[in-house]
Amino acid sequence: MGSGIVDIANTSLIFWETITFLILLALLYWFVYPPIRDQIRQRQQSIEQAIDEAEKTRKEARELLEDYRQQIQEARQEARQIREEAREQGEAQRDRAKKEAREEADRMVKRAREDINRERESALRELREEVAGMVVQASEQIIGRSIDRGDHERLISEALDELEAEVTGASAGSSGGGG
């Protein structure tokens, strides 16, 4: 056969190899490529879905974080408000207690003064009666006779005036003496 540039035996081999290759490509394209393509599309969709879910989860996480921050801020504000109210109530309670204690002390002092005045009046009344009795007795002994009601009143009044003058003078002298 010839040894030319194009050898017919080799040409037919090349032709059949090309045809076989094209048939192989066609078979690959119709039978192998669609499942691979579908697998790639499914994988791509699952990756996109995973990315979307991740974005959604990230967005939800941000919203939750913002909600938690808001709740924490509100809780802090509420805690401050509760502390302020408690402090104000404590101050009001303390002021009420002070006021009540002052009022009770004032009432006690007033009662004590009233008791002292009552006791003083009672003591003065008893002293008047005692002095009056002594004056009447002494007058009757000195005069030697019974005295009438007018003389009796006059003598008692004079004796009490003298006694009050002595008591007032004695208390003024003892308080001004310094010792």
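Taken together, the values in this text are just the output of simple stated rules run on the coordinates, not laboratory data. Predicted model only: the values in this text are computed from it and were never measured. No Cβ is skipped: glycine too gets one built from the backbone with ideal geometry, and neighbour counts run over all protein chains shown.
Computed from label points 7 Å out along Cα-Cβ, the spacing between residue 71 and residue 93 is 3.1 nm. Evaluated at q = 0.09, 0.10, 0.11 Å⁻¹, a Debye calculation over the C-alpha positions of the chain (equal weights, vacuum) places log10 I(q)/I(0) at -0.81, -0.87, -0.92. Between residue 44 and residue 16, the FRET efficiency estimated from the beta carbon spacing at R0 = 35 angstrom works out to 0.35. Annotation: extensible slack from residue 161 through residue 127 equals 11.0 nm (criterion: 0.36 nm per residue apart, minus Cα-Cα distance).
Span-like helices, the chain: DSSP H, alpha-carbon axial extent 15 Å or more, mean Kyte-Doolittle 1.0 or greater, which ones? Both cut-offs are met by 8-27.
As a rough footprinting exposure proxy, the listed residues 109, 131 were ranked by other beta carbons within 10 Å of their own, and the order from fewest upward is 109, 131.
Averaging over all projection directions, the Cα-based convex hull of the stretch 1-103 occupies 12.3 nm² in the image plane.
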